[in-house]
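Below: one structure, written as structure tokens.
None of the figures in this text is laboratory data; all of them are computed from the coordinates on show. Since this is a predicted model, take the numbers as computed values, not measurements. Neighbour counts run over all protein chains shown; Cβ positions are idealised from the backbone, glycine included.
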Amino acid sequence: MMKKIFLFFGIFFFSIAAAAQYDTTAPYLKNKIAPNFVLLSLDSVAFTQNVLVENKSTIIMLFNPTCGHCQQQLELLLTLPEVTNATNLILTSTEPLYKIKEFYDKYHLEKYSWIHMGKDHKYFFGGFYRPKTIPVLAFYNKQKKLTYFNQGNVKKKEIIQALKK
């Protein structure tokens with residue numbers, strides 16, 4: 001009987017110790033610094049965060065080209081001078097490149113040098129942000145520190161406030 005009790009407590013404490021070692025915190029919350037990434041451009045060339053203009057805030061948006069909420073979010077971002085004049089915008093999706101290209105063409109994104117669009121071919125951002133819904137918006141200030149994170153659409157007022165941080 002005593003052996004069974006020791007065995008029970010041994011297994012119990014071992015399972016607690018094993019469970020305590022698994023960290024479920026999303027990586028973006030751990031150091032809150034803009035991530036290093038590799039995306040495929042529309043012409044299948046890899047690009048990294050090195051394409052971003054220095055000394056500007058950065059917004060990373062995870063989206064799906066056919067998502068109505070994602071389309072509305074981009075339309076709002078394109079109307080805000082606080083975004084168009086002072087940020088790098090990274091638009092990233094895991095959808096096929098042809099769908100991303102259709103989205104790019106629909107919104108004539110070639111007109112915006114501050115927008116960088118690519119396929120997350122290694123599924124990095126999904127693991128980094130662990131989204132439950134899209135669009136996902138992550139705002140980083142000029143010092144590359146996370147200032148705002150949201151899953152789902154963000155209203156104009158929230159965007160402007162986030163960019164002031």
Practice problem: Would you mind computing, in nm to one decimal, how far apart the modelled labels at Asn55 and Ser113 are, each placed 7 Å from Cα along Cα→Cβ? | Solution: 1.5
Exercise. Treat each spin label as a single point 7 Å out from the Cα along the C-beta direction, and report the Lys145 to Ala86 distance in nm.
Key: 1.6
Self-check item: Length added when fully stretched, Glu75-Phe47, from 0.36 nm per residue minus Cα-Cα
Solution: 7.6 nm
Self-check item: Sparsely packed trypsin sites (Lys or Arg not before Pro) within segment 73-139, loop by DSSP, other Cβ within 10 Å at most 10
Solution: Lys132
Quiz item: So how tilted is helix 97-106 from the main axis of the chain? Cα-based, degrees 0 to 90, rounded to 10.
Solution: 40
Quiz item: In terms of Cα to Cα distance under 18 Å, which aspartates and glutamates are near enough to Lys106, apart from those fewer than 8 places away along the same chain?
Solution: Asp43, Glu75, Glu95
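Counting only helical runs of four or more DSSP H residues, what would the 222 nm mean residue ellipticity of the chain come to if each run contributes -39,500 (n - 2.57) and the total is spread over all its residues?
That comes out to -11500 deg cm²/dmol.
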Exercise. Quote the charge dipole size of segment 30-164 about the Cα centre in Debye, to the nearest 20; the model charges only the Cβ of Lys and Arg (+1) and of Asp and Glu (-1).
Key: 580
Quiz item: From the square roots a ≥ b ≥ c of the eigenvalues of the alpha-carbon gyration tensor of segment 30-164, which class results: rounded (a/c under 1.5), prolate (a/b over b/c), or oblate?
Solution: rounded
